[in-house]
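The values are calculated or read from the model by the stated rules, or taken from the named source; none is laboratory data. The model shown is predicted, which means the values in this text are computed figures rather than measured ones. Counting neighbours? That spans all protein chains shown, and the Cβs are built from the backbone with ideal geometry, glycine included. Surface accessibility is based on the protein's heavy atoms, side chains included, excluding ligands, DNA and RNA. Shrake-Rupley method; radii C 1.70, N 1.55, O 1.52, S 1.80 Å.
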Amino acid sequence: MNVLLISTYELGHQPLSLASPAAWLRRAGAHVTCIDASLTPLTSEQVADAGLIAISVPMHTATRLALSLLPRLRAATPQAFIVCYGLYAPLNAAILRDAGADCCLGGEVEELLTSIWQRLSAGERPPTGNAIVLNRLDLIPPDRSDLPPLNRYAKLIMNGEARLAGYTETTRGCKHLCRHCPVVPIYNGRFRVVPRETVLADIRAQVAAGARHITFGDPDFLNGPGHILPIVRAMHTEFPDLTYDVTIKVEHILRYAHLLPELRATGCVLVVSALESLDDTILDRFDKRHTRADIAQAIALLRANDIALNATFVAFTPWTTRQVYRDLLLGIADLGLIESVAPVQYGLRLLIPAGSRLLTLPEVRAIVEPFDPTALVYPWQHPDPAMDALQQAVLNLAQRSEQYGAARGDFYRHLLDLCDQVLGPGPRPATIPPLPPGPYLSEPWYCCAEPVSHQSIASFL
């Protein structure tokens, strides 16, 4: 009973979502093939030989791509048991099952995937349906043995040097309930820790494979400070030249400011933080639990500790007026963030997926259209058509700029010109001082964004 694990897209990282269940399945005796379909073509032989096919859908883009792949898989192997697993699987279960999936799982899935394989191997047909599993698992080191090498994935660019970047997680889920976050409908304010030795073993294996930088992909690295500090201390002791980046909420940057010096001392060079907006009303609707003033304070704390910021935004929302968007651009310059914001961040449009807590707000329910089973969102239109036109123009400009490697300062100036063309002349920063680029990852996309033309599944059959 062969197993085929498929990832469609994971932000340019070597997919941990394949490596972890692969380790569990192989420990149980399964023959497992892992395919990152964004890089490696699927073959008819791999599909035909698999009795169990499991597709990782941890994010919106991955789910859209999986939705296009499922009918082809089902047509090629009608007898296989097909599972979709990840944050977006239970929330889009009916649509994924209509496309060909038998079962949709979310949460801590390794044990249940192994159980499904065991039942199939015993000649039993596992039950179809959907499940969210939040059991505390004793997670084992991932098995990355048949994944593409790290040099095919995102790299850390720092001081003109490209460092191979590994990827791991110390926790799953999140304590917080931000209304627009896809983690919340599955974990609902809970998080699970990955055993310390499992994380360190995974890091050792990736360093042995050439990694000189590690991305910790936890939804928030400081959900459990007592858990992560021994890990980064041990990692730094063993690999003193290894750098790393983490994701931290503004709220936690402020609350745990006293930990920032130790994070920097152990190799943290970059913090990803979902600022989302510089407008306090929008931040309140998102339930981000921070304000624009908090953002300014967090930026100052990171700079004081020589930690670069990768700031992410949801730039276009139903409440982003012309003035709010221009204020965002001016605020980014005023806060010295031009080099901290990837061009695509200026063009991202709010997604309202199935299960979103934004739907608890009456003003959101009043503006959304019926759920779109192709786009996997509740569509909405901006009351000012010029803002929807601007969003598309900004996204097109960002994609061209990133394709040709334009400097972020140059992109920012072109963006100001674009706003003047679409919205009419508006205020500009008095000066745009040249700033040296800080560390950043070479994959600029974002987990809650629409797929674009270059994001596709490698050829199949």
* Selection count, region 328-370, where residues are under 24 Å from residue 399 (Cβ atoms) and in a helix (DSSP H, G or I) -> 14
* Can you tell me which residue in region 83-101 is surrounded by the fewest Cβ atoms within 10 Å (Cβ to Cβ), limited to those that are in contact with a Lys or Arg (Cβ under 9 Å, 6 or more places away or on another chain) and farther than 14 Å from residue 131 by Cα? -> 99
* Residue count, region 102-116 (criterion: open to solvent by less than 30 Å² (accessible area, probe 1.4 Å) and either in contact (Cβ under 8 Å) with a residue 40 or more places away in the chain or in a loop (DSSP other than H, G, I, E, B) (or both)) -> 9
* Asked: Checking residue 175 against (1) among the charged types (D, E, K, R); (2) in a loop (DSSP other than H, G, I, E, B); (3) at pLDDT 95 or above; (4) in contact with a Gly (Cβ under 7 Å, 6 or more places away or on another chain), which test does it fail?
  -> (3)
* **Of all residues in region 198-229 being open to solvent by 30 Å² or more (accessible area, probe 1.4 Å) and free of Cβ contacts under 8 Å to residues at least 40 places away in the same chain, the one that is farthest from residue 261 (Cα to Cα)** => 208
* **Those residues of region 376-401 which are in a loop (DSSP other than H, G, I, E, B) and more than 24 Å from the chain's Cα centre (by Cα), in sequence order** => 381, 382, 383, 384
* To do: Could you figure out which of (1) of a type outside the set (Ser, Thr, Tyr); (2) at positive phi; (3) open to solvent by 30 Å² or more (accessible area, probe 1.4 Å) isn't true of residue 424?
  => (3)
* **Those residues of region 177-193 which are open to solvent by less than 20 Å² (accessible area, probe 1.4 Å) and in contact with an Asp or Glu (Cβ under 6 Å, 6 or more places away or on another chain), in sequence order** => 178
* Structure fact -> Of those in region 148-165 that are within 18 Å of residue 8 (Cα to Cα) and within 19 Å of the chain's Cα centre (by Cα), the residue most open to solvent (accessible area, probe 1.4 Å) is 152
* Asked: So which residues in region 279-302 are more than 23 Å from residue 426 (Cβ to Cβ) and either without any contact (Cβ under 8 Å) to a residue 24 or more places away in the chain or not in a helix (DSSP H, G or I) (or both)?
  -> 284, 287, 288, 289, 290, 291, 293, 300
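Can you tell which of 313, 221 is under 22 Å from the mean Cα position of the chain (by Cα) and within 30 Å of residue 368 (Cα to Cα)? Please lay out each step first, then the result.
Values: 221 fails: within 30 Å of residue 368 (Cα to Cα).
From the options 313, 221, the qualifying one is 313.
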